[in-house]
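A short write-up of the structure that comes next.
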Amino acid sequence: MAVPLLQVHDLAKSFRGVQALQDYRLELGHRELIGVIGPNGAGKTTLFNVLTGVAPATRGRIVFNGQDITRATPDAICRAGIARTFQNIRLFRRLSVLDNVRIGLQAHGRNRLHEVVLRLPGFATQERRLEQQARELLDMLDLAEYAGVQADTLPYGLQRRLEIAIALATRPKLLLLDEPAAGMNPAEAEALMRLIARLHGEHELTIILIEHNMRVVMGVCQRIQVLNYGRLIAEGSPEAIQQDPRVLEAYLGVAA
Amino acid sequence: MLTPSYVAQQVINALNIGSIYALVAIGLTVVYGILRLINFAHGDMMTVGAYVALAALTALAMPAVAALLIAMLVVSALGIVIERLAYRPLRGAPEVAMLITSLAISSLIQNGATMTLTAQPRPVRLPAELTQRISALGLSFAVMDVIIIALAIALMVALTLFVQRTTLGIAMRACSENVRVTQLMGIDVNRVIAVAFAISAGLAAAAGVLWTGKFGIVDPFTGFLPGLKAFVAAVIGGIGNIPGAMLGGYLLGFAEVFFVAFMPPEVSGYRDAFVFVLLLIVLLVRPSGLLGAREVNRA
Amino acid sequence: MKRLVPLIPIAVVMGLAGLAQSALNDYYQRILAVIAINVILAVSLNLTNGYSGDFSLGHAAFMAIGAYTSAILTLPVRMKAVVLPDLPPWLGQVELPFAVAVVIGSGLAALVAFIVGIPVLRLRGHYLAVATLGLMVIVQVIALNWQPFTRGARGINGLPPFTTLLWAYGWMLVTIAVIWRIVHSSFGRAMMAVREDELAAACRGVPIFRTRLLAFVCGALFASIAGALWAHLITAITPSSFSFLITFNVVAMVVIGGSGSITGSVIGAVLMTLLPELLRRFETALAIGGQPLYGLSQIVVALMMLGVMLFRPQGLMGRRELPEVLAAMGIGVPTRPSRVEAAGEKTAQAQTPG
Amino acid sequence: MSRISGFRLLTVSITFAALAAACAAPPPAARPPAQPQEQPTAPAAETIKIGALYGVTGGMSSIDAPGLNGMKLAAKQINAAGGVLGRQIELIAIDGKTDQTATTNAASEMINVHKVVAIGGLNDSTFALAAGPIAQQAGIPFVTAGATLPTLPEQIGDFFFMAPFGDDAQAYAIADYAIDDLGAKTAYMLVDQAYDFTTALAKFFKERFTGRGGTIVLEDIYKSGDTDFSAQIAKVKALNPQPDVLFISAVPSEAGLTTKQFRDAGLTQPIISGDGFDTPLIAEVAGEVADEVYYSTHAALDNPDPKVQNFVKAYTEEYGRGPENAFAALGYDTLNLIADAIKRAGSADPKAIRDALAATQGFNAVTGEITYQEGKRKPNKSVTIIKVQDGKYSFVKEIKP
């Protein structure tokens, strides 16, 4: 196996003395799709925040694609190839769906200021390219008809999908999905599962998925990590995890 | 020049001016905490308070204490009215919208006072027993100076107790944490906000009376500058935080007085710049003010 | 050929300005010039206060930099020897054309904004507002104390009255064009992304700090141009010419017009310039008992500000630009996002806890 | 390209804005009706329009508003007596709002819209320096009522006149008085750094006081708007030996404040100043501690001279209160001076008025005799020294140039 895409060593994060995450480690190969589960407050979202530079690690090291990103800023991490979605959906609410995607696309390939101010030919080319790529992405996620719509007026399910579109627009190698199925009905969740599988399969993305919906997690993930009280308590295939007594204890609160 | 009594005198001076800044800053911060409104008309409430007290003192020949109370009451009522008319309809609107209405209110008060009362500065004469001077240990200060410090501290203590012990005060703190959740808990947020405005305006009025009583003069623009400075003080302390505003007010008072007191006159012209550079340094080290809660980014 | 189309309205504006310059008397020319200057101020302040969402109160500081720079650079050498005898010789001996001085001033303001912005833009919200207010105070204090360059409280007077309508409207068009272009590009989208949700923007690869800095520096640059134009219109500047009253006034223009709309800033600036001037005539006309109602115009303007905010808190234009308004009236193509009429569908308002 | 069309439409809107602006301002022919209050009777001949430019609102209003009242009183008296050259005077009084933009707009409106033949007013050089050149450019005489920067006429041009003496004259007068009458050898200076007027006054005072062998023991500064002087005062108190006099260069808003605080702190030396101290606030704010304050100014309102007393009486009758300060008298003098020039010129032509003004000899004003020497447009007026004792103002001396 080649060099792993993501290596996380001994990661810890504390907020004012409260350990939200400790002794976390992960080796993630290219094109893997793993799930992270755990009860509320187990440190799953903290993990994503640390990985994306939103909440810098208190200790530990993160190497992504051969590059140490432990201290990098969120925008640099994004450009390095990690994209994420948020548990409670963060869109640029008052901008159009198209603009939302364009902002993601701008992570790679922005104009230079003089091109913009002087409206040099490069600007028009770039803008055209951005728009075309954005429309393609929206097409792929079945959002094309909403291109001109203000983002926060989309129905909830579509907002989730738009967020994934924006994340994809940044051309990630690694996609972090934070409870993408939250608040979805079974049909929507099913569609989401197919989408995730497609992204993983057709677009060769590496994915980490946080999800409470076990059907989704067990359905798509190759490997699952279980967090509890900020610690990694189990790791393995979906089948192994389902049998793991520590996991059952964490979820049900009783020793199995 | 740096004799102990000189330093002590300057400390008294700084405490005096700092107390007033602190009072004004607290009023500003109480409202800010709940509404996230920088009330640029706050300083003008000082002006109104001073005029009311002046009228009570001269036209109605009231004792000073009664004039102070009347001023606080009238201005508190005015605060509630302004909140009802100019801020409540903007609940949920962008923050800048309220900021602009507060600028408009400030302009209304200043120009209204100029039109009706003329811009001629009016003397504010307090009873002699208040202006009487005490000299002790080489220090010199007026009874008024002691009263300013004492009254400011008393009002601050009262406010702190109110906020920590009473139901309404606790509701106020809850509102500054999260208005929506507080509302869901069945608390009448409108009432809480009205009370906050009343307190804020009342404190401003008290500060206005102290300020004009100390300096003996009031005109339609009296409160504007101290109001602006109090805003700065509140921010240094961490806006929205009551002890922070207090701390900020005293810090500002000390910074202003000490810079003039201990710097040669050639550089004391840079006082205001110095105060702001100090402020910038404080903010750069602690971007949410000295006692302000760091806003945690929650993803 | 299509690229030449925008030249037509520019030619029209400049033609009108030229016509006004030759046909109107000094008073109307002055008002028109003040309008252009205020438009420059409002449009440039909108870059930070409207687009990148940073609340700056430091606009007057950059105006002052532009005004003083241009004053010192363009003052005739012969007058400099009298007015500013203590200038260093390399400055005392220069007398630059107005346009050059304006450009140098704007460069200087941009540089100051850049240097100050690096530490100060780490602040957010009202903390940033206070810090920029502080910048204004600091610039004022320097102007008051730096005698050899500024003459302190006496200020510099007798500036050549360079600010003709052609200059004022020429610079105004440049300002609007440049800012319009910046806003309608990846830079503008980045600014709006930062305004809408800074954290999300960062996670989408938007360089937050650079974006905010760009808005701040650009705003400063154009504020400086407005300052220079103002200085050569009034011909006498003192440190107190650049006070927070000016900043507040410009903030009001932006908010009343609608933060995040260039058209709005233009409308706000025009309104807030013309209205007090027109109302001033009523002060004497409506005299009661022989006493003119001085102060009436300020009161009416304040009431109007209140009214606009109460009934249209998002400002007159909201975030809409003229093309969209025209589109709504059936002229041109719509560019503004529409809304999904989500009957029965779950929308963001009904978020479930995650 | 939608972007380009967007920009095009925006530029169109700007054009509309410019057009609207041009239309919104009514053409000269449609200007608002003349202020009725200035016309007691229907004038037989066309009125003579004179601009009265003051910052009636904002920071300057406490001295500018009385100035305007003075001018109005003069206009009323002149009109009641039949006017000038058989024509009524119509004052065009526009508020400059203590704002340079509004002040220059107002000056320009007076000249270009209302076609005034002369302008009077303004008590601060910051505004005079902005408005003066507009009148100069248009060839309209401008008489500043109270701006005392001595170089104003040179800086602005030959249509600019000063009704008051210059700061040099008043600073010299109070310095001389301190040395000759108060026996001062050492002085402390506290200077408001924010005004042209206060810094100039201080400069001239220092020049004269040290020139005549006096010593400045400490020079300190503050900025207008400051209200607390405790830090500065503590510094003076720490001086040993104490200075003989305290020179405070302040504008009226700080005159009372400084006096009160210096006296309250137990400093008993004479306080001296210029016309910035000419305000009832000293007595009103400082009360009984307002002792041993001396200042130089334009006129003593308790001067028994009938000219002064008639003015005080007329002002009191008109406004229900006495003149607030000397700027009321200066405003009164300014209009009378202009009217006198019109009379002597025999014409209301601006150029003729200018020439007549320049030739003014011994014009008997409330604030002293005004004579413009050859080529100078700043009068050599006598300076009045006033003393405040026990909260009472009294005339002590008139120093002739």
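For the reader, a short list of remarks on this structure follows.
- Among A:LEU6, B:LEU130, the order of accessible area from largest down is B:LEU130, A:LEU6, computed with a 1.4 Å probe on protein heavy atoms.
- Close amide H partners of A:VAL149, meaning residues 5 or more places away or on another chain with modelled amide H under 5 Å apart, are A:VAL97, A:LEU98, C:SER338.
- As a size descriptor, the averaged projected area of the C-alpha convex hull of chain D was calculated at 23.6 nm².
- For A:GLN243 and A:MET214, the difference between the fully extended length at 0.36 nm per residue and the C-alpha to C-alpha distance is 9.1 nm.
- Summary of the geometry: the stretch C:1-72 and the stretch A:191-256, compared by the centres of their Cα atoms, lie 59 Å apart.
- Only the Cβ atoms of Lys and Arg (+1) and of Asp and Glu (-1) were treated as charged; on that basis the dipole of chain C about its Cα centre amounts to roughly 380 debye.
- Helical segments meeting 30 Å axial Cα length and Kyte-Doolittle -1.0 threshold in chain B (DSSP H): B:4-35, B:95-117, B:143-165, B:189-215
- Cα-Cα pairs of the stretch C:2-261 separated by more than 31 Å (percent): 26
- Residue-averaged 222 nm ellipticity for chain C, from DSSP H runs of 4+ at -39500 (n - 2.57), nearest 500: -22000 deg cm²/dmol
- Per residue solvent-accessible surface (Å²) - chain B, probe of 1.4 Å: 38
- Rule-of-thumb Rg ratio for the stretch A:87-170 [Cα; 2.2 N^0.38 Å; N residues]: 1.12
- Taking the longest Cα principal axis of chain A as reference, the axis of helix A:121-140 is set at about 50 degrees.
- Nearest-20 debye value, the stretch C:147-238 charge dipole, Cβ charges on Lys, Arg, Asp, Glu: 140
- Over the stretch D:84-202, the hull volume per residue, using the convex hull of the C-alpha atoms, is 131 Å³.
- Toward the positive end of the charge dipole of chain A, with +1 on the Cβ of Lys and Arg and -1 on the Cβ of Asp and Glu, the farthest Cα among A:THR153, A:LEU28, A:ILE69 is that of A:ILE69.
- Along its three principal directions, the equivalent ellipsoid of the protein assembly as shown from the Cα gyration tensor extends over semi-axes of 62, 37, 26 Å, largest first.
- DSSP beta bridges in the protein assembly as shown [antiparallel fraction, %, rounded to 5]: 45
- Kirkwood-based shape ratio for chain B, expressed as Rg/Rh from alpha carbons: 0.98
- Straight-line reach from D:LYS378: taking Cα to Cα under 16 Å and skipping same-chain neighbours fewer than 8 places apart, the lysines in range are D:LYS400.
- DSSP bridge pairs, chain D: antiparallel proportion in percent, nearest 5: 30
- Take each residue in B:5-18, count the other chain C-beta atoms within 10 Å of its C-beta, and the mean is 3.
- Euclidean distance of C-alpha centroids, the stretch D:84-152 and the stretch A:92-165, integer Å: 57
- The mean number of Cβ atoms from other chains found within 10 Å of a Cβ in peptide D:62-74 is 2, as a whole number.
- Partner chain coverage, peptide D:101-111 - average Cβ within 10 angstrom: 6
- Helix runs (DSSP H) in chain C reaching 20 Å along axis by Cα, Kyte-Doolittle at least -0.5: C:7-23, C:26-46, C:59-74, C:98-120, C:125-145, C:165-183, C:208-234, C:262-285, C:296-311
- Global size of the stretch A:1-114: 15.8, 51 Å for Rg and Dmax (C-alpha atoms, Rg to one decimal, Dmax whole).
- Ellipticity estimate at 222 nm from DSSP helix runs (n ≥ 4, -39,500 (n - 2.57)) divided over chain B, nearest 500: -24000 deg cm²/dmol
- Overall form of the stretch D:195-271 per C-alpha gyration tensor (a/c, 1.5; a/b vs b/c): oblate
- Using every pair of separate Cα atoms, the Kirkwood estimate puts the hydrodynamic radius of the stretch D:253-366 at 16.3 angstrom.
- C-alpha long axis of helix A:186-202 to longest principal axis of chain A, angle in °: 80
- Environment charge of B:LEU130, counting only residues whose C-beta is closer than 11 Å and scoring Lys/Arg +1, Asp/Glu -1: +1
- Spatial separation of Cα centroids for the stretch D:283-343 and the stretch B:1-26, in angstrom: 40
- Among D:332-338, A:156-162, D:264-270, D:105-111, the order from most to least packed when residues are scored by Cβ within 10 Å on average: D:332-338, D:105-111, A:156-162, D:264-270
- Approximate spin-label separation B:ILE153-C:TRP90, in nm, with each point projected 7 Å along Cα-to-Cβ: 5.7
- Between helix D:306-319 and chain D: long-axis angle, C-alpha atoms, 0 to 90°, nearest 10: 60
The values are calculated or read from the model by the stated rules, or taken from the named source; none is laboratory data. Worth saying up front: this structure is predicted, and the values here are computed from it rather than measured. Glycine also receives a Cβ, built like all others from the backbone with ideal geometry; neighbour counts cover every protein chain displayed. When the accessible area is computed, the model is the full protein with side chains, heavy atoms only, and any ligands, DNA or RNA have been set aside. Shrake-Rupley method; radii C 1.70, N 1.55, O 1.52, S 1.80 Å.
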